[in-house]
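What follows is calculated from the coordinates using simple rules that are stated; it is not laboratory data. Just so it is clear, the structure is predicted and the values come from calculations on it, not from any experiment. Heads up, the Cβs are rebuilt from the backbone with ideal geometry, glycines too, and the neighbour counts pull from every protein chain shown.
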Amino acid sequence: MTGYLSSIRLMQVFAQQPTGSVPTVTGTPAGPFITVVNPDGANVRSGPSSVYYEKIGPSLIEGETAPALGRSPGGDWIQIYYPGVPGNVGWVYAPLVILSPGFLPIVEPPPTSTPMVTPAIDPTLLAAFAATGNPTPLPTFTAPPPLEIPQYGSNNTGLPGFPMGLVILGLAFLGIFGGAISYLRRR
């Protein structure tokens, strides 16, 4: 009988839960707003630069709108209302969106963030490559002895007034003639 009563109590608990819906805001924002027209969406950053300010929160997708609050001094970036981040503001690149209707005041950008951690070298790694002791002097340069270039002159030991080239050609002719005779004799 106890199991029957507990199952009735469970049924009563489920029957007492509300089944209503939560009301949602369906109005359009008052004042100027932006509409994303870039097919790849638009990143929302903490300041007006993709170099000096980090990306905050998810990107806006094509067709999404947001209330516009101001414009950077150069006019390249638009400040929007972006809930869920510090200050509830973000910046989008102006060529990626269309501004509808209205005038936007110029807003000074926030200061750039400083790096949280300065990169440092591991002390153990530094000790492995650190120079210790006195430096060793480099060897000194000793100039080599002067180079002696031999001088070749015409040292004719042959016949005076007779060209040496003609002597060589004559000896070559005699060698060929002697080789031809010995070849013919073998036959």
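One table, with the values for the structure above:
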| read-out | value |
| --- | --- |
| Net +/- balance of residues flanking residue 93 in space, Cβ distance below 15 Å, scoring K and R +1, D and E -1 | -2 |
| Calculated FRET value between residue 30 and residue 98, using beta carbons and R₀ = 22 Å, to 0.05 | 0.80 |
| Rg/Rh for region 33-100, where both radii come from Cα atoms and Rh is the Kirkwood radius | 0.91 |
| For region 33-100, with +1 on Lys and Arg beta carbons and -1 on Asp and Glu, the positive-most of 96, 47, 35 along the dipole | 47 |
